[in-house]
1. Looking at 249, 298, which is the one that is under 24 Å from residue 181 (Cβ atoms), open to solvent by 70 Å² or more (accessible area, probe 1.4 Å), modelled with pLDDT under 90 and part of a loop (DSSP other than H, G, I, E, B)?
2. Select from segment 164-179 the residues that are outside any strand (DSSP E or B) and of a type in the set (Gly, Ala, Ser) and list them in ascending order.
3. Considering each residue of segment 153-174, count those that are within 25 Å of residue 113 (Cα to Cα) and either open to solvent by 30 Å² or more (accessible area, probe 1.4 Å) or among the small types (Gly, Ala, Ser) (or both), and give that number.
4. Could you please find all residues in segment 169-186 being within 22 Å of the chain's Cα centre (by Cα) and of a type outside the set (Asp, Glu)?
5. Can you name the residue in segment 126-146 that is assigned to a strand (DSSP E or B) and of a type outside the set (A, V, I, L, M) and is also nearest to residue 94 (Cα to Cα) among such residues?
6. Before we move on, is residue 150 surrounded by 14 or more Cβ atoms within 10 Å (Cβ to Cβ) and farther than 26 Å from residue 118 by Cα?
7. Run down 205, 149, 161 and say which single residue is outside any helix (DSSP H, G or I), more than 30 Å from the chain's Cα centre (by Cα) and touching a residue at least 60 places away in the same chain (Cβ under 8 Å).
8. Considering each residue of segment 115-138, count those that are open to solvent by 50 Å² or more (accessible area, probe 1.4 Å) and free of Cβ contacts under 8 Å to residues at least 40 places away in the same chain, and give that number.
Amino acid sequence: MAGRFEDYSDFGSTFNVKIAHRLSLTDEFAIRGSISTGFRAPSLQQQFFTSIATVFVDSVPTETGTFSPNSDVALALGSPGLDAEDSVSISNGFTWTPASEFSLSVDFYQIKLEDRIVLSNNLSGDAVAQLLEGTGANRGRFFLNAIDSTTKGVDIIATYSLDLQDMGNVLFNAGLNINDNEVTDIIDPPAVLQAAGFDQDNLFSGNELRRFEVGSPDNKLNLSAVWSLDKWNVTLRTTRYGETQDPSDNPARNEVLSEKWVTDVDVNYNITENITASLGANNLFDVYPDPTRELVDDVTTFSRLFSYSGFSPFGFTGRYVYGKISVSF
């Protein structure tokens, strides 16, 4: 059991607890569980970041402003200001080690987040344009505590050590994560947005909501093997990222990024006890996300600007080959 009290000048005090327990039913099998509360304070960027940028909306350039949540502009648009995020996490699972060479762990978890900090919709309309007159923007947005969300999932990890005798040792590792993200509540619409001249009736909805629920893979598989022999150490790992979506205001225009395998290899040789030479490659097979222009017939605005979606879970820089020498003292 643990407890922690903290006091912040920005949003007050918080007290969080954690209770965890592990019970060995046999020498090989044990069950475990935990429950904890937590928080995350607003970052400096979320509290104070301000900018004006050109954003394309249906191929039309618009000047969109991101304003501090406590600025006069944001308050006039209905900003409630920022508070800390709160969370409750529950985990239950088991571990099984039938032999010294093999282990398996399975953990189910649920994370509930309240008052999650997100970017508001890009607010627009005659009233917004009039309010933003003189700022250089005709649309506005800001960070706010807009939603509650629940993430449920399971983590499965297995390891196996294979003794090759004179040929060294190979450590195999496999990890699988399956998860589901759901927005469970949205902030009530402020009265100011229900007045004439606003194109939106809420600070957060639609496309921004779908990004939280489908904008990351709902499954991920990691496989690796590490071979060790005398001064040699070779690591081969591959990761499978599940399907991801880059959502649009029109669901028919969602860009679906198919699952991909990304493989890395690293070879180390210990020249001396203090000097190690390495040669390797990240994304060995030069895998790229699906090109955005090939995903849908009626491509989104960002598809006309960028070759790959920013929602890709593994980036779009392709193969990276390196060599290095490390010296330890």
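1. Matching residue, one of 249, 298: 249.
2. 168
3. 3
4. 174, 175, 176, 177, 178, 179, 181, 183, 184, 186
5. My answer is 145.
6. When the stated conditions are applied, residue 150 does not pass them.
7. Step by step, each of 205, 149, 161 is checked, and only 161 is outside any helix (DSSP H, G or I), more than 30 Å from the chain's Cα centre (by Cα) and touching a residue at least 60 places away in the same chain (Cβ under 8 Å).
8. The total comes to 4.
The values are calculated or read from the model by the stated rules, or taken from the named source; none is laboratory data. Fair warning: this is a prediction, and the values are worked out from it, not measured in the lab. Note that we place each Cβ from the backbone using ideal geometry, even for glycine, and neighbour counts take in every protein chain shown. Remember, those area values only see protein heavy atoms, side chains included, never the ligands or the DNA or RNA. Shrake-Rupley method; radii C 1.70, N 1.55, O 1.52, S 1.80 Å.
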